[in-house]
Number of protein chains: 2
Amino acid sequence: MSLRHALLGLLAAGPASGYDLLKIFNVSLANVWPATQSQVYAELGRLADAGLVEVVAEGPRGRKEYAIADTGRAELRHWLTEVAPTRSGRSDTLLRVFFLGQVEPGQARAYLRRLAETAAGAERDLAALSDAVSAEEDDLAFYGRLALEWGLRFNAMQREWADWAERRIEEREAVARRP
Amino acid sequence: MSLRHALLGLLAAGPASGYDLLKIFNVSLANVWPATQSQVYAELGRLADAGLVEVVAEGPRGRKEYAIADTGRAELRHWLTEVAPTRSGRSDTLLRVFFLGQVEPGQARAYLRRLAETAAGAERDLAALSDAVSAEEDDLAFYGRLALEWGLRFNAMQREWADWAERRIEEREAVARRP
DNA sequence: CAGGACATGTAAAATGTTACATGATTCT
DNA sequence: AGAATCATGTAACATTTTACATGTCCTG
């Protein structure tokens, strides 16, 4: 149930409305913990019912501004320090790799080449984002930059691996052609 | 709906029962596409209803052996070559990084150290698995080894990143202590 | 003949996605 | 006045997890 903790974490930095939070999900957290509008509003309602957050202001157009409550902050800290991370690790991309033997080697290579290109593109985007992000000193920005560096390294790894894997398939094809 | 494709992919290598497939999910695919017993049996039923797989033999204890049908093989190839991979990328681990500012720097460092250790452990396990895996030449083994190499590189990346991030926090603490 | 491995299934609950629905306010 | 943005919510559907339920076969 990490959506709950994502919301608590964001509200820990200051009060916000569902709409505000949604924008953060679509930008900063898009690659870490995507969430839809339905989910955010529903979970905020549940958090308020449970007393982990409170509506601290109402604005125009029915806007409700939420703030984290002490119990919410306690729950957040508990999750951060005492709950073991679940490594779900579901990868569509990697699943396909297992079954690439079902298509022609040329198609398998093309798949890996596309993967390398996608990773290279993501790397460029993140590098640009890294440059654009001002050197703010608040915690969320500091730790956000650590996460961004993770993304850079992940995509570099993926690109290098895909290049390597493509070469492995080429070698195997060469061997298969003249045994 | 990749569970469906995972099953088709495994059956493409040869007929198997739900029980057999489940074992593969808990070993080879555990880190790529985990699936529970409920899911596997239910999805096999749906695949059979849809005609993508067929029951080719019945054994003791109600054992049903499934084989991939031509339409199933076509669906698998279509998914491999024409369906864009969805990068859901939900990471509990990384989500926490964003919110590490909510706990003491020492606790944040401890979190990253645990992460580095977990990655190092996974690296060792995969390296051992890599040695244990015989150098079979069939497609599933070949591409499985490519996926295994991905895991090795991923964990190495994660370990190095966590070490780096821990040092960054140390530096920041040092700066904060004497401004 | 007992215990473990084999083997399949159903049901309920939690979580996530997509689509639908509505309306207010601000800016040009 | 019209368009864009702000702002919240519900409903239906799909997927995943956890728990329950049942029975057979093989080995020591």
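The values are calculated or read from the model by the stated rules, or taken from the named source; none is laboratory data. What you see is a predicted model, and the numbers here were worked out from it, not measured in a lab. Virtual Cβ from ideal backbone geometry, glycine too; neighbours counted across all protein chains shown. Note: areas computed on protein heavy atoms with side chains; ligands, DNA, RNA excluded. Shrake-Rupley method; radii C 1.70, N 1.55, O 1.52, S 1.80 Å.
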(request) Six or more apart or on different chains, Cβ under 6 Å: which pairs go from a residue in segment A:151-170 that's under 25 Å from B:THR93 (Cβ atoms) to one that's open to solvent by less than 40 Å² (accessible area, probe 1.4 Å) and polar (S, T, N, Q)? Could you list them? (result) none
(message) Go through segment B:34-66 and report how many residues are near DNA strand D (Cβ under 8 Å from one of its atoms) and among the basic types (Lys, Arg).
(response) 1
(request) Evaluate the following for B:ASP49: is it more than 20 Å from A:ARG96 (Cα to Cα) and facing chain A (nearest Cβ under 8 Å)? (result) no
(message) Exactly one condition in (1) closer than 30 Å to A:LEU8 by Cβ; (2) more than 8 Å from chain A (Cβ to nearest Cβ); (3) within 11 Å of DNA strand C (Cβ to nearest atom) is false for B:ARG90; which is it?
(response) (2)
(message) For segment A:33-46, give me the residue count where each residue is within 12 Å of DNA strand C (Cβ to nearest atom) and open to solvent by less than 20 Å² (accessible area, probe 1.4 Å).
(response) 3
(message) Given the options A:VAL103, A:VAL97, name the one that is touching a helix residue (DSSP H, G or I) at 6+ places or on another chain (Cβ under 8 Å), within 30 Å of B:LEU8 (Cα to Cα), in contact (Cβ under 8 Å) with a residue 40 or more places away in the chain and facing chain B (nearest Cβ under 7 Å).
(response) A:VAL97
(message) For segment B:12-39, which positions are touching a helix residue (DSSP H, G or I) at 6+ places or on another chain (Cβ under 7 Å) and aliphatic (A, V, I, L, M)?
(response) B:ALA12, B:ALA13, B:ALA16, B:LEU21, B:LEU22, B:ILE24, B:LEU29, B:VAL32, B:ALA35
(message) Given the criteria open to solvent by 20 Å² or more (accessible area, probe 1.4 Å), hydrophobic (A, V, I, L, M, F, W, C), modelled with pLDDT of 95 or more and assigned to a helix (DSSP H, G or I), does A:ALA162 qualify?
(response) no
(message) Every residue in segment A:1-17 that is part of a loop (DSSP other than H, G, I, E, B) and near DNA strand C (Cβ under 9 Å from one of its atoms), please.
(response) A:MET1
(request) Tell me which residues, restricted to segment A:40-71, are under 13 Å from A:LEU3 (Cα atoms) and in contact with a helix residue (DSSP H, G or I) (Cβ under 6 Å, 6 or more places away or on another chain). (result) A:VAL40, A:TYR41, A:GLU43, A:LEU44
(message) Here are the criteria: (1) within 11 Å of chain A (Cβ to nearest Cβ); (2) in contact (Cβ under 8 Å) with a residue 40 or more places away in the chain; (3) over 30 Å from A:LEU146 (Cα atoms); (4) surrounded by fewer than 16 Cβ atoms within 10 Å (Cβ to Cβ). Tell me which single one B:GLY59 does not satisfy.
(response) (1)
(message) Looking only at segment A:120-147, count every residue that is more than 10 Å from chain B (Cβ to nearest Cβ) and touching a residue at least 12 places away in the same chain (Cβ under 8 Å) and tell me the total.
(response) 7
(request) Among the candidates A:ASP20, A:ASP70, single out the residue that is away from DNA strand C (no atom under 13 Å from the Cβ), open to solvent by 10 Å² or more (accessible area, probe 1.4 Å), under 30 Å from A:ALA122 (Cβ atoms) and not assigned by TED's automatic domain parsing to the domain that holds A:GLU149. (result) A:ASP20
(message) Which condition from (1) open to solvent by 70 Å² or more (accessible area, probe 1.4 Å); (2) over 16 Å from the mean Cα position of the chain (by Cα); (3) within 14 Å of another protein chain (Cβ to nearest Cβ); (4) modelled with pLDDT of 95 or more is the one that A:GLU82 breaks?
(response) (4)
(request) Could you please let me know if B:ALA120 is assigned to a helix (DSSP H, G or I) and in contact with a Lys or Arg (Cβ under 6 Å, 6 or more places away or on another chain)? (result) yes
